[in-house]
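The values are calculated or read from the model by the stated rules, or taken from the named source; none is laboratory data. Everything numeric here is computed off the predicted structure, so don't read it as measured data. Here Cβ is always computed from backbone atoms with ideal geometry, including for glycine, and neighbour counts include all displayed protein chains.
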Amino acid sequence: MDRKVYILRKIYENADSSGSSKGKLTQRDLAKEAGISLGKANKLIVQCREQGLLADDARLGYVLTEQGLSYLAPYKVEKAVILAAGFGSRFVPLTYETPKGLLEVFGEPMIERQIKQLHEAGITDISIMVGYLKEKFEYLTDLYGVKLIYNPEYSTRNTISTVFFAASEFEGHNTYILNSDNWIRENVYHGYEPAAWYCAQHAEGSCSEWVLETDGHGRITDTYPGGMDCDYMYGPAYFSREFSAMFMPVLRYYHDMPGTEQYYWEHVLMEMLEGRARKRVTAYFGNIRGSDRWKDVEMYVNLLPNDTVYEFENLEELRLFDPKYQNDSGSEAMRLVSRVLSVPESEIVRIKRLKAGMTNNSWLFSVRGRDYICRIPGEGTEKLINRHQEKAVYEAIAPLCISEELVYLDEETGYKISHYYEGSRNADSKNETDMRCCMEKLRELHSSGARVEHHFDIAERIDWYEGLCLESSPVGAIPFSDYMDIREAKDRLCAWLRAKHRPEVLAHIDSVQDNFLFLPGADISETERDPSRIKLIDWEYAGMCDPLMDIGMCAIYSYMDQAGADRLLSWYLGREPEDEERRLVYAYMALGGLLWALWGVYKENLGVQFTDYTLKMYRYFKDYSKKAL
């Protein structure tokens, strides 16, 4: 690292636009800027004088010469990349509505504060890497002239992918890399930087962050999670063009290797420093020219005071920092909970995101010692679910005490609040005792006599979902090339079912194993369960239909084969099924597969990804329609 750049940069920044000094700099000022002793600073100043990089002025003090400006030129920061593609799961429910980087701190979005700080340092070529709720960032292009770059892998991969798609902003350039959700008290950015660096803070005692080891010159020699009395990575970083020339090719290799999907870009740096990168890449791609130098990658520590950079881990931390969030987070979901439970937002605590469901988003919270779940409808759900019908189902089953304890359900928006059962678990589709109990619970529902006015007509629902797919498709088509043949097979299968005139009961329809909740005390032994401690939750698809529909749906949700479906049916019936009953279940497996395949296509058209779910569901129709017919 050339520390003369620190000396010259400080002199450059000390001059105002007219060239006048903002105040005379002392050698002590320059030593502090360069992070060196007064004696070393004196030697550097002498060298700068001898090279004609600076001059002494009786009135202004140190001044930069033309040679000095030329010397700084290769170190000029050209660009900045702000990472803003991720979801921010620790900030639910706020991030269901607003990306974390756009959350305000003291009335200003965190990302805007950083953009302004970059502008103050003369850096205006700024790219924002977007993904989740990408449209929310569009206004920044008009307000600050930034560019938006989309990461199509934002929902399945970590920041290694985001940096991969921003590669052109780093290669051949000096570029800052920032996190959109950092709040930075004092501007840490400059027009010139001497070498690649990573911001750090010091921890006294135990630290769970990524620890930095450095040599006597401040160069990072190793990094790893967790340490004691250490400096740790925290905040923005800076990629010099020399650093990027070595680092970005390795990151490209890592992006294309399996097993790196959840890597941060810092994982690549860590494995380069410890020598593992060369081993991994050459083992997968073969010998790579220049890979023997990867361990020599240079990045330095930029140690900042501990109150400079803030990264809020959750809403609780933000409440402590900005009092505005104590009772007005700006979140519609928080306001709803506050209103329904008649408490100020400050009493909504222990907030945690639950695993995202296929249809909805849900979050867990506590109020006055009681745990709750709030459901927020997912993208496009208003066209998939009739919430008035859902509410009618909950009213019909209330006397049965078979479902979760409902606190609130808005039949217009689909928001739902229910009690959470601490220590509960979902059914295990590979556990025979569990699945026998699930079938008993379905039989209890079907024989209860509960009724609603609406019906679940799977043929009508398939046609409706098909229409949604065509309406939302960029090309107005279903993506399966043989869909027209499948559609004809669907019509034949539905006609066969209609001719059976099957009896109808109130069925759950969404009888996935995750919707069977085993409360504490349900597990009496490995072979016995307490039925009264088992609940059937989430009734948004429920309606009147053939009870065997629930068996077919349960089978495909668990990705069961024919033998597995036959076992489910025998447990449900309490006897060996007849061939006709098996064929009926196969028919519902087929139609259910087609229904959920179209459902998945529609959600994917809206930007929600479900890996190979649509393929598996489509295959169920192909395989089991033949078995049924």
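Some observations on this one:
- Selection count where residues are surrounded by fewer than 17 Cβ atoms within 10 Å (Cβ to Cβ) and either under 20 Å from the mean Cα position of the chain (by Cα) or aliphatic (A, V, I, L, M) (or both), scope the stretch 267-290: 2
- Test: residue in the stretch 541-553 that is among the small types (Gly, Ala, Ser), assigned to a loop (DSSP other than H, G, I, E, B) and surrounded by fewer than 20 Cβ atoms within 10 Å (Cβ to Cβ): no
- Which listed residue is hydroxyl-bearing (Ser, Thr, Tyr), touching a helix residue (DSSP H, G or I) at 6+ places or on another chain (Cβ under 6 Å), assigned by TED's automatic domain parsing to the domain that holds residue 503 and modelled with pLDDT of 95 or more, from 448, 472: 448
- Boolean, residue 184 is of a type in the set (A, V, I, L, M), assigned by TED's automatic domain parsing to the domain that holds residue 137, over 24 Å from residue 258 (Cα atoms) and crowded, with 22+ Cβ neighbours inside 10 Å: no
- Each residue in the stretch 140-153 was checked for being under 22 Å from the mean Cα position of the chain (by Cα) and either part of a helix (DSSP H, G or I) or on the phi > 0 side of the Ramachandran plot (or both), and 1 pass.
- With respect to the conditions (1) closer than 26 Å to residue 156 by Cα; (2) touching a Gly at 6+ places or on another chain (Cβ under 9 Å), residue 122 falls short on a single one, namely (1).
- Verdict on residue 331 being surrounded by fewer than 20 Cβ atoms within 10 Å (Cβ to Cβ), out of contact with any strand residue (DSSP E or B) (no Cβ under 9 Å at 6 or more places or on another chain) and not aliphatic (A, V, I, L, M): no
- Search result, residues across the stretch 475-497 that are free of Cβ contacts under 8 Å to residues at least 24 places away in the same chain and either of a type in the set (Lys, Arg) or within 22 Å of residue 554 (Cα to Cα) (or both): 487
Condition check ((1) in contact with a Lys or Arg (Cβ under 9 Å, 6 or more places away or on another chain); (2) at pLDDT 95 or above; (3) closer than 27 Å to residue 451 by Cβ) across all residues:
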| position | (1), (2), (3) |
| --- | --- |
| 537 | no, no, yes |
| 544 | yes, yes, yes |
| 592 | no, yes, yes |
| 615 | no, no, no |
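- For the stretch 443-466, a tally of residues being touching a residue at least 12 places away in the same chain (Cβ under 8 Å) and under 22 Å from residue 387 (Cα atoms) returns 16.
- When we screen 533, 498, 502, 529 for residues that are crowded, with 20+ Cβ neighbours inside 10 Å and of a type in the set (D, E, K, R), the only hit is 529.
- Yes/no for residue 90 being closer than 18 Å to residue 34 by Cα and either assigned to a helix (DSSP H, G or I) or of a type in the set (Val, Ile, Thr) (or both): no
To keep it simple, each residue is scored yes or no on (1) under 15 Å from residue 550 (Cβ atoms); (2) surrounded by fewer than 16 Cβ atoms within 10 Å (Cβ to Cβ).
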{"site": "389", "(1), (2)": "no, no"}
{"site": "402", "(1), (2)": "yes, no"}
{"site": "411", "(1), (2)": "no, yes"}
{"site": "420", "(1), (2)": "no, no"}
{"site": "432", "(1), (2)": "no, yes"}
{"site": "438", "(1), (2)": "yes, no"}
{"site": "449", "(1), (2)": "no, yes"}
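- Residue count for the stretch 134-165, restricted to those that are surrounded by fewer than 18 Cβ atoms within 10 Å (Cβ to Cβ), touching a residue at least 12 places away in the same chain (Cβ under 8 Å) and of a type in the set (Phe, Trp, Tyr): 2
Yes/no per residue for (1) in contact with a Phe, Trp or Tyr (Cβ under 7 Å, 6 or more places away or on another chain); (2) at pLDDT 90 or above:
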site: 67; (1), (2): no, yes
site: 72; (1), (2): yes, yes
site: 77; (1), (2): yes, yes
site: 80; (1), (2): yes, yes
site: 84; (1), (2): yes, yes
site: 87; (1), (2): yes, no
site: 90; (1), (2): no, no
site: 98; (1), (2): no, yes
site: 101; (1), (2): no, yes
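- Restricted to the stretch 120-135, and to residues there that are outside any loop (DSSP other than H, G, I, E, B) and under 17 Å from the mean Cα position of the chain (by Cα), the residue that is nearest to residue 77 (Cα to Cα) is 128.
- Tally, over the stretch 417-450, of residues that are within 18 Å of residue 516 (Cβ to Cβ) and not in a loop (DSSP other than H, G, I, E, B): 19
- Among residues of the stretch 451-479, those that are more than 19 Å from residue 549 (Cβ to Cβ) and either touching a Ser or Thr at 6+ places or on another chain (Cβ under 6 Å) or not in a helix (DSSP H, G or I) (or both), counted: 7
- Members of the stretch 373-399 found to be more than 14 Å from residue 465 (Cβ to Cβ), of a type in the set (A, V, I, L, M, F, W, C) and in contact (Cβ under 8 Å) with a residue 24 or more places away in the chain, listed by number: 373, 374, 376, 392, 393, 396, 397
- Of the residues contained in the stretch 111-133, one or more are found to be more than 20 Å from residue 161 (Cβ to Cβ), of a type in the set (S, T, N, Q), modelled with pLDDT of 95 or more and buried (at least 21 other Cβ atoms within 10 Å of the Cβ).
- Failed item, numbered, when residue 262 is tested on (1) surrounded by 14 or more Cβ atoms within 10 Å (Cβ to Cβ); (2) not assigned by TED's automatic domain parsing to the domain that holds residue 407; (3) not hydroxyl-bearing (Ser, Thr, Tyr): (1)
- Number of positions in the stretch 530-556 that are among the β-branched types (Val, Ile, Thr) and under 14 Å from residue 403 (Cβ atoms): 2
- Test result for residue 575, among the basic types (Lys, Arg), in a loop (DSSP other than H, G, I, E, B), out of contact with any His (no Cβ under 7 Å at 6 or more places or on another chain) and closer than 29 Å to residue 397 by Cβ: yes
- Matching residues in the stretch 295-347 - criterion: being within 18 Å of residue 376 (Cβ to Cβ) and not in a helix (DSSP H, G or I): 314, 329, 330, 331
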